[in-house]
Amino acid sequence: MATRLADRAGLLAWLFLLPSVLYIVALVAVPFALAIAFALSDVSAGDPSYDYVGGRNFERVFDDPVFWRSLGNTFVFTGISMVLIVVLGKVLANILVADFRGKWLVRFLVLLPWTTPVALSSISWLWLLDSIYSPIDWVLRFFGFLGPGENLYWLGQPGLAMTSVIAVHVWRLTPLAAVIMMAGLVAIPRDIEEQAMVDGAGYWRRMFEIKIPLVLPVAAVAALFGAVFTFTDMAVVRVLTRGGPNDATQVLASWAFYRGIEGGDVGQGAAIALFLFPLLLAAAIAILRVVRRIEVW
Amino acid sequence: MAVVEVRELVKHYDGGRVHAIDGVDLSAGDGEYLVLLGPSGCGKTTLLRTLAGLEVPTSGDVLIGGRVVTRLPPRARKIAMVFQSYALYPHKTVFANIIFPLRAQGVPPEERHRKVRWAAELLDIGPLLGRKPRQLSGGERQRVALARALVREPQVFLLDEPLSNLDAKLRASARDELKRFQAEIGTTTIYVTHDQVEAMGLGDRIVVLAAGKVRQVGPPVEVYDDPADTFVATFIGSPPMNLVTREGRLVGFRPEHLLPVEDVRSPDRVSVPLAVDRIEYLSGDRHVYGVASRIGEETRVVARLPATVDTPIAAGETHDFAVDARRLRFFDAETGLRAEPVRLEG
Ligand SMILES: Nc1ncnc2c1ncn2[C@@H]1O[C@H](COP(=O)(O)OP(=O)(O)OP(=O)(O)O)[C@@H](O)[C@H]1O
Ligand SMILES: [Mg+2]
């Protein structure tokens, strides 16, 4: 009897993998190779001819204090954002799974930031954080925290600018984190929770000894994904501060962009971007390890 | 004294459309092994969950140790429950699973460890203490779940079909183990099952439930020999009790009491000619299927002949069977309830 195509598992596997292989080669491998090639060259917007220059771009990047500042900012931005996103995401997830009157309205509101187009929400945020007309300042003034005519200049002062950037980023990603953790919470068998109730555990003990450990693998994957996303993200920085004031909110991704694309120094931009690679690789490996742990349970 | 008592308990779901429990009164005495038996969906789990405090009844009261606990949360009830799935905490070791309720209750550390060791020894799971639940067999999981229930020294054990996940062989040995274990501990136990063999084997008393109502409560022998209605009569026993219509009543007799006429020694016997159509051999017994006449309207019945009866019987012939008149039970044909016995001559 003739073997049909459907019987040839090996061939089929390759056939099904082909689109993703093509996709990865075209959109990951090629740009990656290009980035390496550019990082080792003096290609710029003004002079697109390729000349090999070895590690000179890296030397110049490492000598640049803005690079180190951006690197530090990136860690601060990512670290603080992730802690807040995970904690708030967990709290929101608990609200999402809770059963109470008006839960539909609350769920809608929780998911709103995620569903709002960035272009729209960024305008609101620019207004909220405006140097003179910030409604946050009005409120503070109303309660007497600010004197009349005083302004905080949210995006104009280094500390406040970073706070604003982090706040908006957290606002943007928390709904996603909440939904992922809600999936984790919902996946906990009802028996297990009820058993803990019968065993005499109160709300906090159930939370910290049963629910959190059981959603931990899911939360860890979500957090690592979020970290990778945050680490390479420049959308909020670009919309709110463009890295300012005085590079106080410059992150690696935005710095690479300003250097390489806006500044036209493609070689240096590529070198900065490549610097992200080992860090992201480490994060990716961590994700895979956590996923393996889940399977072992 | 009643350790657990429920009074006029009612539990409706979906705004009254589902009557899961429909007015149940029950009590379990100190050290008693009470089995809730009934077909799927009759409200056994709901009743148990209401006792545990996981469901708030629509009306009626739950009393534990003489105290009304209807509105109290599970942790205030001093009960231990073993779920059908065993519900072991998957991320905790066996040791951490067993000690969890003690930590939740704030038992001092030395005492906790002493109790865990005691329970582990009693249930023979000492070597498993370091494992995670996924590394255990079904029987081992059950013992861990029991150990976790046991360490709390509860007033009541609530067990919801704890054996239904085990294979037939393990089930028999686990049933035996459970019975010995409860006899040793002496804690009041309420045990839910839909398996009548388990119920007959384990229970001091059996509560037969159907559609959220109690049909009969009594020791296994009584429930088997003196069923309160046709539901109990046909739900318990395998094959179930034969029912034959006669003059507005149902005459019931167990298959093992329908024997060839020469094997019924009692002078007070009712003869039943049986047109045999099929014979089955099941673990030494002969199950004889056929149509019975004379005792009532012609009805298909079963006779169960023990191995000690070697009267030759063949399919296709009509053989004279008989039932000892004292073994006959009468039910009202309309309501299905037990009715006054009548003399049948024959
Ligand atoms: N949360 C619920 N919402 C609505 N109906 C429910 C709910 N829980 C149980 N019921 C209904 O109540 C009835 C009794 O359910 P219960 O789980 O107590 O049955 P059971 O006797 O334990 O059955 P089984 O032997 O199959 O476990 C069923 O008809 C069931 O559909
Ligand atoms: Mg059930």
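Just one of B:ASP277, B:ASP310, B:ASP285 is in contact with a Leu (Cβ under 8 Å, 6 or more places away or on another chain), without any contact (Cβ under 8 Å) to a residue 40 or more places away in the chain and not assigned by TED's automatic domain parsing to the domain that holds B:ALA28; which is it? If you could, list the steps in order and put the result at the bottom.
Numbers: B:ASP277 fails: in contact with a Leu (Cβ under 8 Å, 6 or more places away or on another chain); B:ASP310 fails: in contact with a Leu (Cβ under 8 Å, 6 or more places away or on another chain).
That would be B:ASP285, the only listed residue that is in contact with a Leu (Cβ under 8 Å, 6 or more places away or on another chain), without any contact (Cβ under 8 Å) to a residue 40 or more places away in the chain and not assigned by TED's automatic domain parsing to the domain that holds B:ALA28.
Looking only at residues of region B:54-63 that are touching a residue at least 40 places away in the same chain (Cβ under 8 Å) and more than 16 Å from ligand 2 (Cβ to nearest atom), we find that the one that is surrounded by the fewest Cβ atoms within 10 Å (Cβ to Cβ) is B:SER59. Could you list, in sequence order, all residues of region A:126-145 that are among the aromatic types (Phe, Trp, Tyr) and either surrounded by 15 or more Cβ atoms within 10 Å (Cβ to Cβ) or not in a loop (DSSP other than H, G, I, E, B) (or both)? Within region A:126-145, A:TRP127, A:TRP138, A:PHE142 meet the criteria.
Mind counting the residues in region A:186-208 that are hydrophobic (A, V, I, L, M, F, W, C) and more than 7 Å from every other protein chain (Cβ to nearest Cβ)?
Looking only at region A:186-208, we keep the residues that are hydrophobic (A, V, I, L, M, F, W, C), and these are A:186-188, A:192, A:196-198, A:201, A:204, A:207-208.
Of the ones still in play, those that are also more than 7 Å from every other protein chain (Cβ to nearest Cβ) are A:186-188, A:196, A:204, A:207-208.
Adding up the residues that qualify gives 7.
If you go through region A:220-228 one residue at a time, do you hit one that is at pLDDT below 85 and within 14 Å of chain B (Cβ to nearest Cβ)? So far as region A:220-228 goes, yes, one or more of its residues are at pLDDT below 85 and within 14 Å of chain B (Cβ to nearest Cβ). The set of residues from region B:254-276 being over 33 Å from the mean Cα position of the chain (by Cα) and acidic (Asp, Glu) comprises B:GLU262, B:ASP268.
For region B:64-113, how many residues meet the condition of being touching a residue at least 24 places away in the same chain (Cβ under 8 Å) and assigned to a loop (DSSP other than H, G, I, E, B)? Matching residues across region B:64-113 total 16.
Restricting region B:179-217 to residues that are hydroxyl-bearing (Ser, Thr, Tyr) and more than 19 Å from B:ALA233 (Cα to Cα), the residue that is nearest to ligand 1 (Cβ to nearest atom) is B:TYR191. For B:PRO74, the criteria (1) within 14 Å of chain A (Cβ to nearest Cβ); (2) within 22 Å of the chain's Cα centre (by Cα) hold in every case but one, which is (2). With respect to the conditions (1) within 16 Å of ligand 1 (Cβ to nearest atom); (2) assigned to a helix (DSSP H, G or I), B:GLY60 lacks only one, and its number is (2).
Between B:SER137, B:SER164, the distinction of being more than 13 Å from B:PHE95 (Cα to Cα) and at pLDDT below 85 belongs to B:SER164 only. Determine, yes or no, whether A:ILE123 is away from chain B (no Cβ under 14 Å), within 21 Å of the chain's Cα centre (by Cα), of a type in the set (A, V, I, L, M, F, W, C) and buried (at least 16 other Cβ atoms within 10 Å of the Cβ). It is false that A:ILE123 is away from chain B (no Cβ under 14 Å), within 21 Å of the chain's Cα centre (by Cα), of a type in the set (A, V, I, L, M, F, W, C) and buried (at least 16 other Cβ atoms within 10 Å of the Cβ). Is region A:162-185 home to any residue that is within 14 Å of chain B (Cβ to nearest Cβ) and modelled with pLDDT of 80 or more? Scanning region A:162-185, I find at least one residue that is within 14 Å of chain B (Cβ to nearest Cβ) and modelled with pLDDT of 80 or more, so the answer is yes.
Looking at region B:25-57, which of its residues are in contact with a helix residue (DSSP H, G or I) (Cβ under 9 Å, 6 or more places away or on another chain) and closer than 26 Å to A:ASP199 by Cβ? Spell out the reasoning first.
We begin by selecting, within region B:25-57, every residue in contact with a helix residue (DSSP H, G or I) (Cβ under 9 Å, 6 or more places away or on another chain); these are B:26, B:31, B:33, B:35-39, B:49, B:52-57.
If the condition is that a residue be in contact with a helix residue (DSSP H, G or I) (Cβ under 9 Å, 6 or more places away or on another chain) and closer than 26 Å to A:ASP199 by Cβ, then B:LEU26, B:GLY31, B:TYR33, B:VAL35, B:LEU36, B:ARG49, B:ALA52, B:GLY53, B:LEU54, B:GLU55, B:VAL56, B:PRO57 are the ones that fit.
How many residues, within region B:33-53, are more than 10 Å from ligand 2 (Cβ to nearest atom) and buried (at least 19 other Cβ atoms within 10 Å of the Cβ)?
Narrowing region B:33-53 to residues more than 10 Å from ligand 2 (Cβ to nearest atom): B:33-35, B:37, B:39, B:50-53.
Next, from what is left, pick out any that are buried (at least 19 other Cβ atoms within 10 Å of the Cβ): B:33-35, B:37, B:50-53.
Matching residues across region B:33-53 total 8.
Which is more than 30 Å from B:GLU334 (Cα to Cα), within 14 Å of chain A (Cβ to nearest Cβ) and of a type in the set (Lys, Arg), of B:ARG171, B:ARG175, B:ARG148, B:ARG180?
Details: B:ARG171 fails: within 14 Å of chain A (Cβ to nearest Cβ); B:ARG175 fails: within 14 Å of chain A (Cβ to nearest Cβ); B:ARG180 fails: within 14 Å of chain A (Cβ to nearest Cβ).
After ruling out the rest, the residue left standing is B:ARG148.
The set of residues in region B:192-250 that are more than 16 Å from ligand 2 (Cβ to nearest atom), of a type in the set (S, T, N, Q) and under 24 Å from B:HIS287 (Cα atoms) comprises B:THR230, B:THR234, B:SER238, B:ASN242, B:THR245.
Condition check: at pLDDT below 90, more than 16 Å from ligand 1 (Cβ to nearest atom) and of a type in the set (A, V, I, L, M). Does B:VAL264 satisfy that? Yes, satisfied. So which pairs qualify, if the first residue must be in region B:185-211 and within 14 Å of chain A (Cβ to nearest Cβ), the second must be more than 16 Å from ligand 1 (Cβ to nearest atom), the Cβ gap must be under 9 Å, and the two must be at least 6 apart or on different chains? Between residues of region B:185-211 that are within 14 Å of chain A (Cβ to nearest Cβ) and residues that are more than 16 Å from ligand 1 (Cβ to nearest atom), the close pairs are B:ILE190/B:VAL4; B:ILE190/B:ALA28; B:ILE190/B:GLU32; B:ILE190/B:TYR33; B:ILE190/B:VAL156; B:ILE190/B:PHE157.
The values are calculated or read from the model by the stated rules, or taken from the named source; none is laboratory data. Please read all numbers here as calculations on a predicted model, not as lab measurements. Note that each Cβ is placed from the backbone with ideal geometry, even for glycine, and that neighbours are counted across all protein chains shown.
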